[in-house]
1. Cα gyration tensor of the range 181-225, axes a ≥ b ≥ c as square roots of the eigenvalues: rounded (a/c below 1.5), prolate (a/b > b/c) or oblate?
2. How high is the relative contact order of the chain, in percent, with contacts defined as C-alpha pairs under 8 Å that are six or more residues apart?
3. State to the nearest 20 debye the size of the charge dipole of the range 96-234 about its Cα centre, where the only charges are +1 on K and R beta carbons and -1 on D and E beta carbons.
4. What are the equivalent ellipsoid semi-axes of the range 263-326, built from the alpha-carbon gyration tensor (square roots of five times its eigenvalues), in whole angstrom, biggest first?
5. In degrees from 0 to 90, rounded to the nearest 10, what is the angle of the helix 12-24 Cα long axis to the longest principal axis of the chain?
6. Would you work out if the chain is rounded, prolate or oblate? Take a ≥ b ≥ c from the square roots of the eigenvalues of the alpha-carbon gyration tensor; rounded if a/c is under 1.5, else prolate when a/b is larger than b/c, oblate otherwise.
7. Any idea which of Ser172, Pro219, Gly279 is furthest toward the positive side of the dipole for the chain, if Lys and Arg beta-carbons carry +1 and Asp and Glu beta-carbons -1?
8. What residue among Thr301, Leu316, Gly289 has its Cα farthest toward the positive end of the dipole of the range 289-329, where the charges are +1 on Lys, Arg and -1 on Asp, Glu, each on the Cβ?
Amino acid sequence: MRVNWRLINAARNSYAALFAACSLYGFDLHPVYSPLADITCYSLNSLNEPSYRDEIRDAGCITVVGGPHATACPRKVAQYADYVVAGEGEFTLPRLLAHLEDGKEGPVPGVVTRDGALPADHSVRLDAFPPFSVMKGYIEISRGCPFGCAFCQTPRIFGPVMRHRSIDAIASYARRYRDVRMVSPNALAYGSDGRRPRLDKVGRLLASLEGNVYFGTFPNEVRPEFVTGEALELIGRSCANTRIAFGIQSGSDRVLKRIGRGHTVADGMRAVELSRDHGFTPVVDLMMGFPFETSEDEEMTLDLIRWVVRSGSVRLHAFIPLPGTPLAGTVPRPVSPRAGQILGRLALDGRLTGSWLDPATRFSSLRADTSL
Ligand code: SF4
């Protein structure tokens, strides 16, 4: 049985992880640019899913779809795909492939079809699966998040309990890189329950790594209240990065409370100042366009942006009502023309990056697709 993997740039890390996981069970995922027999697997997020829907529906082979979008609305995806892997794929995908190879019938835990669904019966222990093998990818060091930010799919996909890869396993995969980049929802939460930092464990992890280690910056950003002097000194001693990236998400405490961020604007500003005082450039993620954002909230976020860019930079994102989140199906508030002009000027100066205009156009198809 030949199993193919549809190459999609946004899913290259999923390919690395699932290639490695499926290899453990004797399945190679052959890279393809169009669906081919016997089986073609896809990993889709909610932004690229509309581009692949027709291809999957018209495929002349068995199709298996996973990823954040499939996990958020599996029944919708099962209307055009043969099998939907809802949730973590490392164990479920090879289990489904073995089921198909053996010609078995009936449901597979964690898989949704037009005929029904069986909930997953496990959660993945990171050390049980390599982060990558011959297809290289980032080293995922932690999974899950105890925070429930209303715009974010992460805790809905991976659950609220943080799991961590062991230091020995991370160090052994890191040795294959000169530049070591890891994936985590909050790098400074490594080894902890996600709420109370364990800098002793972060320190042991960093001490075990060789090469140029990038920690607390893309793709393992941190939460602002985890940015402390002690944490920054640790990163400064052990790592190559000169930037620290964290989300504040809004300049309005009212909005932060509404989206359940679990920190205040003051926490974020403290993280900016601490980063700068320790010689790091703060890179701050912010969002605009929450459906309940008022003109006053927007002005507060603009004020925060102007303050941050004095010592760092901002990555601004338009709010997206992602399927599977509490804000799914809501309508983003357009950024005002005045704010657009200010943001445009900051972007031209190179102090602001991101995409904040017209989320309604980009995501109108999502709003029709939000039932789980
Ligand atoms: S935005 Fe970050 S802290 Fe909030 S739920 Fe998502 S991963 Fe967790």
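1. Here the range 181-225 falls in the oblate category.
2. 12 percent
3. My answer is approximately 200 debye.
4. The answer is 24, 13, 10 Å, longest axis first.
5. 40 degrees
6. oblate
7. Gly279
8. Among Thr301, Leu316, Gly289, the one farthest towards the positive end of the dipole of the range 289-329 is Leu316.
Values in this text are rule-based calculations from the coordinates and carry no lab data. Quantities reported herein were computed from a predicted structural model and do not represent experimental measurements. Every residue, glycine among them, receives a Cβ derived from its backbone with ideal geometry; neighbour counts consider all protein chains shown.
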